[in-house]
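Student: Encoded as structure tokens, here's the structure I'll be asking about.
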Protein chains: 4
Amino acid sequence: MNIQIGRNKEVRRAYGIDEIALVPGRRTLDPQLADTRWHIGGIEREIPIIASAMDGVVDVKMAVLLSQLGALGVLNLEGIQTRYEDHNPILDQIASVGKDEFVTLMQKLYAEPVKPELIQKRIAEIKAQGGIAAVSLTPAGAAQYGRQVAEAGADLVFVQATVVSTAHLSPESIAPLDLSKFCQEMPIPVVLGNCVTYEVALNLMKAGAAAVLVGIGPGAACTSRGVLGIGVPQATAVADCAAARDDYYQETGRYVSIVADGGLVTGGDICKCIACGADGVMIGSPFARAKEAPGRGFHWGMATPSPVLPRGTRIRVGTTGTLEQILRGPAQLDDGTHNFLGALQTSMGTLGAKDLKEMQQVEVVIAPSLLTEGKVYQKAQQLGMGK
Amino acid sequence: MNIQIGRNKEVRRAYGIDEIALVPGRRTLDPQLADTRWHIGGIEREIPIIASAMDGVVDVKMAVLLSQLGALGVLNLEGIQTRYEDHNPILDQIASVGKDEFVTLMQKLYAEPVKPELIQKRIAEIKAQGGIAAVSLTPAGAAQYGRQVAEAGADLVFVQATVVSTAHLSPESIAPLDLSKFCQEMPIPVVLGNCVTYEVALNLMKAGAAAVLVGIGPGAACTSRGVLGIGVPQATAVADCAAARDDYYQETGRYVSIVADGGLVTGGDICKCIACGADGVMIGSPFARAKEAPGRGFHWGMATPSPVLPRGTRIRVGTTGTLEQILRGPAQLDDGTHNFLGALQTSMGTLGAKDLKEMQQVEVVIAPSLLTEGKVYQKAQQLGMGK
Amino acid sequence: MNIQIGRNKEVRRAYGIDEIALVPGRRTLDPQLADTRWHIGGIEREIPIIASAMDGVVDVKMAVLLSQLGALGVLNLEGIQTRYEDHNPILDQIASVGKDEFVTLMQKLYAEPVKPELIQKRIAEIKAQGGIAAVSLTPAGAAQYGRQVAEAGADLVFVQATVVSTAHLSPESIAPLDLSKFCQEMPIPVVLGNCVTYEVALNLMKAGAAAVLVGIGPGAACTSRGVLGIGVPQATAVADCAAARDDYYQETGRYVSIVADGGLVTGGDICKCIACGADGVMIGSPFARAKEAPGRGFHWGMATPSPVLPRGTRIRVGTTGTLEQILRGPAQLDDGTHNFLGALQTSMGTLGAKDLKEMQQVEVVIAPSLLTEGKVYQKAQQLGMGK
Amino acid sequence: MNIQIGRNKEVRRAYGIDEIALVPGRRTLDPQLADTRWHIGGIEREIPIIASAMDGVVDVKMAVLLSQLGALGVLNLEGIQTRYEDHNPILDQIASVGKDEFVTLMQKLYAEPVKPELIQKRIAEIKAQGGIAAVSLTPAGAAQYGRQVAEAGADLVFVQATVVSTAHLSPESIAPLDLSKFCQEMPIPVVLGNCVTYEVALNLMKAGAAAVLVGIGPGAACTSRGVLGIGVPQATAVADCAAARDDYYQETGRYVSIVADGGLVTGGDICKCIACGADGVMIGSPFARAKEAPGRGFHWGMATPSPVLPRGTRIRVGTTGTLEQILRGPAQLDDGTHNFLGALQTSMGTLGAKDLKEMQQVEVVIAPSLLTEGKVYQKAQQLGMGK
């Protein structure tokens, strides 16, 4: 709060993942000695990466595969998968519509109501194939379908909105979801998000969150910042919420994982988030590029189908390899989008971090990767725009 | 005043709207609970958005429609509308001329004098259709046509120039407009602008301004910064002038609305200006994209027709929807240029602001949306320049 | 000297013209009341703008025309004009050669020696047509041709190199030019440059400079920064050297004009340099765009012909209007490259500065015109790269 | 450590070469008086530039030629040259494969094992032609082939990895290379790197390094920052490690040269690194552009062939001249990529530095060459994307 942008308006400088880099210390270690295990809601996973609850990223097959590969995928219970028995023709439509008709199509497709029986069916399908059934609902959906989700055998439920708070004001006619009561009543762990500040993260932990999602505005397919003006650069948001986790743990002895969510594309981005204090990350677009992803080479934001104020966009991300390649390698691309586990282990090894707790303590520098004149030439040449 | 750019030259860092973002607090609320009402010159409006007094943005039809939709449009009384009885063939010409001939054409079209009878006719047309007749004049035009405008029944008059001040020096042969005297003598409220500093904003309030326009240099179709070197980034200008409003109110009990004018394109921009302290905003190019706009998909600056020093440019903005879609939704675009009211209400809800006074107090962070290397790839792909 | 880029390496932040903007104060005045007169070497000029001593910018005709229009042009006495009797076929060659052969051609063309008789002839031609004969030499050229230049009737001589200093070490075989002795012995005023620091500017004044040129590295056709790593952003360089001028004037009563040289393209750039403390500016590429310019729509740096280390480049600037339009208007372009006098007067009027001394005192803010995501879309559309 | 990016996360701002520029002082000198000699591992060289140990940059012929021209080239002993008897068809393949198959091809080519007899043969070839045999090994390679290299008559060995440290943890089955013991046992000087911090540089000196390589992440063909999130901007890294050198020299009397390695493209980059404290520089891509370079106009990173986590990329750099032109001129290009010796001498002359120790003390300013709106137009025009 030390910068004055104008009289009586004091603000703070927040930093994004693109503005920082990690600094090797005195020790290095073999990547194979780097222990990447973590816990979320009592479930141990080898890889601290969660696939986002997005239509183009996670379906039943992806959820099962991600579980088998040591990670986690979250199925969106208010998306295409629970509005349509057969999602294939729907996803074909989304992938083939023109850019200008995309928003209208999404608004139309989401006019179809969510089917409670499909919620139960999808959870059962994941469990039947041995996957971890992590699912997501909006606060409104949680109030409506929470019990069914638990009864259907889900392992973990994410209650997720652009921004959640423990103090939500609604019109008198609508009873808002009491997050604290919901966490208490659900027989399974509840992950809450998203938030970006120390105070709200702390409040969500006090409400009983099993983990807290951090990130507003930074996602590639998210246009919240443009539409609403809202957003906090991710390095600062993660560091602040991690401080809340540490203070809460100090006080209560309960450790609530912080999951950085949004805008992460490369292995380097993942490493940097953990170095800022995250326990794990949630990513969407990198998994949308998997051969097995439901998106057919496209990725789109979950705020897109809003009937009145869509604020997500569709991006053609292409298909670059199998989910295994993306997650565990071997990599066939050299740009940091293949072999996330290998990248994390190599980064930890290079930085001398034996486990994620040590990785959270490595030195960070402000090192903006801003465009300079020289780089424009370089990029222009690489993009074939050359002189 | 704490940065030394050179010996004996102390300066201050000013911040633009692109450099800031808004931070959610502890509370959220339902967007429908967000009250966006405001007052300008004693007139209450539901939506704190004014359409700029520009040829391509506001004609009689737009002014009426904006009034009906809860906003406000200002008709330029020294533009095409009052120089030509039938503006249609003129606007066709402007839209069809080549880029290289544009400035010359504008200079020629504006050589035609303003017709006093058309001033009165346009005001009468707006009133006849039930619209609020908000009109604009330059200081010179105000001296000449002020009385006629009041007699014709205008509700609100904007006296607007790139920069106004209460202390203007003229050659002896020309008597400058005394703003203070003008405000006193006009039987209708007078809005004054533009200015960018605390001192000038305060002087304009003391002179009797009903509202003050803030912004020099930031508009998309304005090239003042390139031509004259003049401009203050909008976040700082708004915060400074809002401080003048608060101090003036403290002292006098009269509340003079601050209107941020120039360079605002998305709902997010509007939200950020209010968070910096603005009561309302004035926008041009976003409305030039309406089906009903006179500009035929083009937008141009009002300094363009200057016979000796044109400093505005013409931009093809395209036509993206109806005025209602742009102002009140539902949105068919996901980039923040449709449904401004919905965006403002959703932003206020997300930030927990019940009314605009609370919105002026939300937390702001410096969070530059600068181009990074990674983003250039992304953008290049979106623009179809991909590798 | 307050930023540590590393242990034991303290540096200072320097600012460029692109990073600042000018802030209107409490007063405005009519542009026609703005007095732009200045003096250089005892010569009064209406417009504080000098055309650079570059092959593509100033020949005899341009020097005469610039004099008539109230400005000044400097003829390079070691360029094409004094190596070739008829420069026309030479300039045709330069304009028509391919980009890859340009440097080699320039090296070849400059292998032709300077002809003393052409030095005298060019000066005589300017004088004969009533122009002010301002000419330029390198330090080595000054030692060799200085006397001839004075005898030929030149009014003003510029001794100019990328960097000059009063303490130059040479191999024993070569006697360096003693700037102080040269200034004393020449019967006409001597302008010295370029420099960028307070200390060197002060030393040049003490050596007898009639004016000091400020600027290293910022020119569009100069690649010194890339080749040598050398350069100081212009706002800081100008402010520092202006402080030297003020201190020197305080001490001696002699006022030595500071001329900002390099990298200025628009009227706004010129206004900003004066606001940083410059008395006048020297510009090249904006005049290379004149119909009368010798460059045939091209502009190139004077360090280009170096046989071993060329560090200038050729830029196609196009031809946009007459010299009069560029200098005094009326403008047909809206981007700040036409009507520099009008731009300066309008800027002074808007800022309330009655003369250049007041313009040197106007408020400056740091207001980077950096590229943001939003602007890239805009630019891309304007450049026709749009989606 | 004075910037808080979030609660409990203090960081430091690091600066890159693109963000700084050099400032002329009170004295200048003739470039021919600038003494550029330096020492590395007891070997004196006229030019403080080393060609990187990369497949596309140094083969036997290049190593010999670089020695003759006053510089130094390092042969990678675990690359193409020692895996294949005849590298020509291999390099043809690398140059002709499509972008998408490049990584896979490199992984395949590097599956071929290193041949100890080729290690000895290459060293012998360099020595036979009178070149300085400077060679490089990874830490693992050093453990395996160190003795052979010394016996084959190498003059200098570089033990180089992305990041080295004196405290490396390995799985119990693998004995890590003890750098200190290795330096002691080798009969020839050992250069160690890369590192980026004061502490590690000091540790490497204490371990016996003859010189220390500084730089992680900045290379054009290196994608470590994207893949691993690791990197320290070069100006800060060099200044910090140079401070370690000075402190170590103060304490022990042994002077260990600091070599800036990675991301340097122009003469200006080289000058700036030395001004930050480097004794010499190591460059790759600028030499890959030589007619004699093995890369056939391509350049690629040495981390590319990793079977599981490739993090280098291939760049088409083109062929712009002979090695002599690039190193000693005369230059035919004006962009700082020809005549590095001339550029260094001219920069030193302009800055008044008689030798490299003085060059390390010249004034540096923060002067970001960031992209501004104006420059985008310029660049776009130069790139032929113009309006």
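Student: Based on this model, can you work out whether A:Ala34 counts as within 14 Å of another protein chain (Cβ to nearest Cβ) and not basic (Lys, Arg)? Let's see the steps before the verdict.
Tutor: Working: within 14 Å of another protein chain (Cβ to nearest Cβ): yes; not basic (Lys, Arg): yes.
So A:Ala34 passes the test.
Student: Looking only at the range B:119-143, count every residue that is closer than 30 Å to C:Leu333 by Cβ and not small (Gly, Ala, Ser) and tell me the total.
Tutor: Number satisfying all stated conditions: 3.
Student: Quick one: in the range B:316-338, which of the residues that are at the interface with another protein chain (Cβ under 7 Å from one of its Cβ atoms) and more than 16 Å from B:Leu65 (Cβ to Cβ) is nearest to the chain's Cα centre (by Cα)?
Tutor: Applying the first criterion (at the interface with another protein chain (Cβ under 7 Å from one of its Cβ atoms)) to the range B:316-338 yields B:329-336.
Applying the additional criterion that residues be more than 16 Å from B:Leu65 (Cβ to Cβ) yields B:330-336.
On the way: B:Pro330: 23, B:Ala331: 22, B:Gln332: 24, B:Leu333: 22, B:Asp334: 23, B:Asp335: 20, B:Gly336: 18 Å.
Taking the candidates together, the pick is B:Gly336.
Student: Same structure, new question: Does C:Gly215 satisfy being touching a residue at least 24 places away in the same chain (Cβ under 8 Å) and either closer than 18 Å to D:Arg27 by Cβ or within 22 Å of the chain's Cα centre (by Cα) (or both)? Show your work before the answer.
Tutor: Working: touching a residue at least 24 places away in the same chain (Cβ under 8 Å): yes; either closer than 18 Å to D:Arg27 by Cβ or within 22 Å of the chain's Cα centre (by Cα) (or both): yes.
So C:Gly215 fits the description; yes.
Student: May I pose another question? At pLDDT 95 or above, touching a strand residue (DSSP E or B) at 6+ places or on another chain (Cβ under 7 Å), hydrophobic (A, V, I, L, M, F, W, C) and under 24 Å from D:Ala154 (Cα atoms): is that true of D:Val212 in this structure? It would help to see each step written out before you state the result.
Tutor: On the way: at pLDDT 95 or above: yes; touching a strand residue (DSSP E or B) at 6+ places or on another chain (Cβ under 7 Å): yes; hydrophobic (A, V, I, L, M, F, W, C): yes; under 24 Å from D:Ala154 (Cα atoms): yes.
Yes: the conditions hold for D:Val212.
Student: On the given criteria, is C:Arg13 under 17 Å from the mean Cα position of the chain (by Cα), charged (D, E, K, R) and surrounded by fewer than 24 Cβ atoms within 10 Å (Cβ to Cβ)? I'd like the intermediate steps shown before the answer.
Tutor: On the way: under 17 Å from the mean Cα position of the chain (by Cα): no; charged (D, E, K, R): yes; surrounded by fewer than 24 Cβ atoms within 10 Å (Cβ to Cβ): yes.
No: the conditions fail for C:Arg13.
Student: Residue pairs, Cβ under 7 Å, 6 or more apart or interchain, first in the range A:260-288 and within 14 Å of chain D (Cβ to nearest Cβ), second open to solvent by 10 Å² or more (accessible area, probe 1.4 Å) and in a strand (DSSP E or B). List them.
Tutor: From residues that are within 14 Å of chain D (Cβ to nearest Cβ), the pairs are A:Cys276/D:Lys9; A:Gly277/D:Lys9.
Student: Only one of (1) open to solvent by less than 60 Å² (accessible area, probe 1.4 Å); (2) in contact with a Ser or Thr (Cβ under 8 Å, 6 or more places away or on another chain) is not met by D:Thr166, so which one is it?
Tutor: Evaluating D:Thr166 over (1) open to solvent by less than 60 Å² (accessible area, probe 1.4 Å); (2) in contact with a Ser or Thr (Cβ under 8 Å, 6 or more places away or on another chain) leaves (1) as the failure.
Student: Which number in (1) modelled with pLDDT under 95; (2) open to solvent by 50 Å² or more (accessible area, probe 1.4 Å); (3) of a type outside the set (Asp, Glu); (4) over 29 Å from B:Val163 (Cα atoms) marks the one condition that C:Gln120 misses?
Tutor: So C:Gln120 meets the others, but not (1).
Student: Residues in the range C:93-108 that are touching a residue at least 24 places away in the same chain (Cβ under 8 Å) and surrounded by fewer than 18 Cβ atoms within 10 Å (Cβ to Cβ): how many?
Tutor: Counting residues in the range C:93-108 that are touching a residue at least 24 places away in the same chain (Cβ under 8 Å) and surrounded by fewer than 18 Cβ atoms within 10 Å (Cβ to Cβ) gives 2.
Student: If you don't mind, another one. Which one of the conditions (1) part of a loop (DSSP other than H, G, I, E, B); (2) away from chain B (no Cβ under 14 Å); (3) open to solvent by 10 Å² or more (accessible area, probe 1.4 Å) does A:Ile90 fail to meet, given that it meets all the rest?
Tutor: The single condition A:Ile90 does not satisfy is (1).
Student: Something else: Over 24 Å from A:Asn88 (Cβ atoms), touching a residue at least 40 places away in the same chain (Cβ under 8 Å) and part of a loop (DSSP other than H, G, I, E, B): is that true of A:Leu309 in this structure? Give the steps one after another, and end with the answer.
Tutor: Values: over 24 Å from A:Asn88 (Cβ atoms): yes; touching a residue at least 40 places away in the same chain (Cβ under 8 Å): yes; part of a loop (DSSP other than H, G, I, E, B): yes.
The answer is yes for A:Leu309.
Student: Quick one: how many residues across the range C:137-163 are under 26 Å from D:Ser347 (Cβ atoms) and open to solvent by less than 10 Å² (accessible area, probe 1.4 Å)?
Tutor: Summing the residues that are under 26 Å from D:Ser347 (Cβ atoms) and open to solvent by less than 10 Å² (accessible area, probe 1.4 Å) in the range C:137-163 gives 5.
Student: Among residues belonging to the range D:349-360 that are more than 9 Å from chain C (Cβ to nearest Cβ), in contact (Cβ under 8 Å) with a residue 40 or more places away in the chain and in a helix (DSSP H, G or I), point out the one that is surrounded by the most Cβ atoms within 10 Å (Cβ to Cβ). Reasoning before the result, please.
Tutor: Here is the first cut: in the range D:349-360, the residues more than 9 Å from chain C (Cβ to nearest Cβ) are D:353, D:355-360.
Filter once more, so that each one left must be in contact (Cβ under 8 Å) with a residue 40 or more places away in the chain: D:353, D:355-356, D:359-360.
Keeping just the survivors that are in a helix (DSSP H, G or I) gives D:356, D:359.
Working: D:Leu356: 21, D:Met359: 25.
The qualifying residue surrounded by the most Cβ atoms within 10 Å (Cβ to Cβ) is D:Met359.
Student: A further question follows. Among the numbered criteria (1) surrounded by fewer than 24 Cβ atoms within 10 Å (Cβ to Cβ); (2) of a type outside the set (Ser, Thr, Tyr); (3) part of a helix (DSSP H, G or I), which single criterion is violated by A:Gln81?
Tutor: Here A:Gln81 meets the rest and fails (1).
Student: Scan the range B:316-325 and tell me whether some residue there is touching a Ser or Thr at 6+ places or on another chain (Cβ under 7 Å), at pLDDT below 95, closer than 21 Å to B:Asp18 by Cβ and buried (at least 20 other Cβ atoms within 10 Å of the Cβ).
Tutor: Yes, there is a match, as at least one residue in the range B:316-325 is touching a Ser or Thr at 6+ places or on another chain (Cβ under 7 Å), at pLDDT below 95, closer than 21 Å to B:Asp18 by Cβ and buried (at least 20 other Cβ atoms within 10 Å of the Cβ).
Student: Taking A:Glu125, is it closer than 26 Å to A:Leu213 by Cβ, out of contact with any Cys (no Cβ under 9 Å at 6 or more places or on another chain) and in a strand (DSSP E or B)? Quick ask: steps written out before the conclusion?
Tutor: Working: closer than 26 Å to A:Leu213 by Cβ: yes; out of contact with any Cys (no Cβ under 9 Å at 6 or more places or on another chain): yes; in a strand (DSSP E or B): no.
So A:Glu125 does not fit the description; no.
Student: Determine, yes or no, whether D:Ile230 is within 14 Å of chain C (Cβ to nearest Cβ), over 28 Å from C:Pro310 (Cβ atoms) and in contact with a Cys (Cβ under 8 Å, 6 or more places away or on another chain). Show your work before the answer.
Tutor: Working: within 14 Å of chain C (Cβ to nearest Cβ): no; over 28 Å from C:Pro310 (Cβ atoms): yes; in contact with a Cys (Cβ under 8 Å, 6 or more places away or on another chain): yes.
Answer is no for this residue.
Student: Could you tell me which numbered condition C:Pro113 fails, if it satisfies all but one of (1) open to solvent by 10 Å² or more (accessible area, probe 1.4 Å); (2) modelled with pLDDT of 95 or more; (3) in a helix (DSSP H, G or I); (4) under 21 Å from C:Pro310 (Cα atoms)?
Tutor: Of (1) open to solvent by 10 Å² or more (accessible area, probe 1.4 Å); (2) modelled with pLDDT of 95 or more; (3) in a helix (DSSP H, G or I); (4) under 21 Å from C:Pro310 (Cα atoms), only one is false for C:Pro113: (3).
Student: What is the residue count in the range B:155-173 for residues that are more than 23 Å from the chain's Cα centre (by Cα) and of a type in the set (Ser, Thr, Tyr)?
Tutor: 2
Student: Could you tell me how many of the residues in the range D:323-338 are in a loop (DSSP other than H, G, I, E, B) and in contact with a strand residue (DSSP E or B) (Cβ under 9 Å, 6 or more places away or on another chain)? First the steps, then the outcome.
Tutor: Going residue by residue through the range D:323-338, those that are in a loop (DSSP other than H, G, I, E, B) are D:329-338.
Right, trim to in contact with a strand residue (DSSP E or B) (Cβ under 9 Å, 6 or more places away or on another chain) and you get D:331-334, D:337-338.
Selection size over the range D:323-338: 6.
The values are calculated or read from the model by the stated rules, or taken from the named source; none is laboratory data. No experiment lies behind these values; they were computed from the predicted model shown. With ideal geometry, Cβ positions are generated from the backbone for all residues, glycine too; neighbour counts draw on all protein chains shown. Protein only, heavy atoms only, side chains kept; ligands, DNA and RNA dropped before computing areas. Shrake-Rupley method; radii C 1.70, N 1.55, O 1.52, S 1.80 Å.
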